[in-house]
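Participant: Would you mind keeping the following structure in view while I ask a few things?
The values are calculated or read from the model by the stated rules, or taken from the named source; none is laboratory data. Everything numeric in this text was worked out from a predicted model, so none of it was measured. When we count neighbours, we look across all protein chains shown, and the Cβ atoms used for this are built from the backbone with ideal geometry, even at glycine.
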Amino acid sequence: MPRILIVDDEAVDREMAARCLRSIRDLILAYAPDGAGALESVRRQMPDLVVTDLRMPGMNGLELVESIRTSFPMLPVVLMTSQGNEQIAVRALQAGAASYVPKTDLSADLAETVRQVLDLADARNTERKLFGCLRSCETHFELRNDPALISPLVAYFLHNLERIGFGDDVARTQVGIALMEAISNAMIHGNLEVGSELRRDKRDEFDRLVDRRRVQQPYCDRRVSCTGSESSRSVEFTIRDQGPGFNAATLPNPLLPENLLRVSGRGVMLIRTFMDFAEYNEKGNQITMRKRL
């Protein structure tokens, strides 16, 4: 049964919110007179959702939302707002509150709003349970030469790693940086054949050349292939472009201090630092990267 904590310094307003919520079946209601009391109640017994007023003595609703976001980030909060509290309500929503209902509309909207937020929270909890059973996954993308697609793709892979339980935030961020560099290299240097030296010396010309070649033959028809194979203990990514390739043996050793500041080696240096294994194929248009915990 869902447990709802109602927070308001006015007893009559707490009872009014409770009456509005009693249409929800099998509901357990708890009460707190202010933000500090609410946090104490949450620590004693975690509710499924908090419904709180904004203006209260001591810790107000905004401060309560901020504290819940810090200490109990998965606990949703619904605001009860009144006239004159609009700015603080916006700040509370920006700080992490899930929704709000004006006090003048509690009888019409509070129960439905709480149902919506509870349903969404339940779906997220069910998803977490489901993905707790996930042991491995493999994903394949074919990207056109649009640099704006790189960050969303990397974010997708990192979300997979988090769901599957691979490493901590630091390990996942390092994998993300390596992916970003490898995909960017494949797209810009591989498919579009735009060199990194131009980026260092003439950045505006570099950007114009990238934009021009994205719509020119033969560059515009080329694609970047990205395959990820992920488990909780290891990940492997293969990034392949359709450009002419290059001789990987000619790359300066990026791990040598004298090559650290060379533009052409920075991406490879990051890849080889953050991944346990990184190797190009013979043609030089495909890199395979692995990291194990």
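Participant: Please find, within the stretch 14-53, the residue that is farthest from residue 86 (Cα to Cα) out of those that are polar (S, T, N, Q) and within 34 Å of the chain's Cα centre (by Cα).
Facilitator: The extreme case among them is 45.
Participant: If I ask for residues that are part of a loop (DSSP other than H, G, I, E, B) and either under 30 Å from residue 188 (Cβ atoms) or under 15 Å from the mean Cα position of the chain (by Cα) (or both), which ones from the stretch 114-164 would you list?
Facilitator: 144, 145, 146
Participant: Okay, next question. Spot the failing condition for residue 109; the list is (1) assigned by TED's automatic domain parsing to the domain that holds residue 77; (2) under 26 Å from residue 236 (Cα atoms), and only one is missed.
Facilitator: The failed condition is (2).
Participant: Could I ask something else about it? Counting only residues that are polar (S, T, N, Q) and either modelled with pLDDT of 95 or more or more than 19 Å from residue 89 (Cα to Cα) (or both), give me the strands (runs of 3 or more DSSP E) lying completely in the stretch 1-78 with at least 1 of them.
Facilitator: 49-53
Participant: Something else: Between a first residue in the stretch 189-203 that is in the same structural domain as residue 214 (by TED's automatic domain parsing) and a second residue that is modelled with pLDDT under 80 and among the aliphatic types (A, V, I, L, M), which pairs have beta carbons less than 8 Å apart while being 6 or more apart in sequence or on different chains?
Facilitator: 196/263; 197/263; 199/263; 200/263
Participant: Among the residues of the stretch 42-57, which ones are farther than 20 Å from residue 103 by Cβ and either in contact with a helix residue (DSSP H, G or I) (Cβ under 9 Å, 6 or more places away or on another chain) or not assigned by TED's automatic domain parsing to the domain that holds residue 18 (or both)?
Facilitator: 42, 43, 47, 48
Participant: Hey, can you tell me all the residues within the stretch 108-126 that are more than 15 Å from residue 4 (Cα to Cα) and surrounded by 14 or more Cβ atoms within 10 Å (Cβ to Cβ)?
Facilitator: Listed by number, the list holds a single entry, 109.
Participant: To continue, here is another question. What number of residues within the stretch 98-136 are at pLDDT 90 or above and more than 20 Å from residue 14 (Cα to Cα)?
Facilitator: Number satisfying all stated conditions: 1.
Participant: Return yes or no: is residue 77 within 22 Å of residue 119 (Cβ to Cβ) and without any contact (Cβ under 8 Å) to a residue 40 or more places away in the chain?
Facilitator: Judged against the criteria, residue 77 is a match.
Participant: If a residue has to be of a type outside the set (A, V, I, L, M, F, W, C) and either surrounded by 15 or more Cβ atoms within 10 Å (Cβ to Cβ) or modelled with pLDDT of 95 or more (or both) to count, how many in the stretch 196-210 make the cut?
Facilitator: Residues flagged as of a type outside the set (A, V, I, L, M, F, W, C) and either surrounded by 15 or more Cβ atoms within 10 Å (Cβ to Cβ) or modelled with pLDDT of 95 or more (or both) within the stretch 196-210 amount to 2.
Participant: From (1) free of Cβ contacts under 8 Å to residues at least 24 places away in the same chain; (2) of a type in the set (Gly, Ala, Ser); (3) outside any helix (DSSP H, G or I), pick out the condition that doesn't hold for residue 167.
Facilitator: Single failed check for residue 167: (1).
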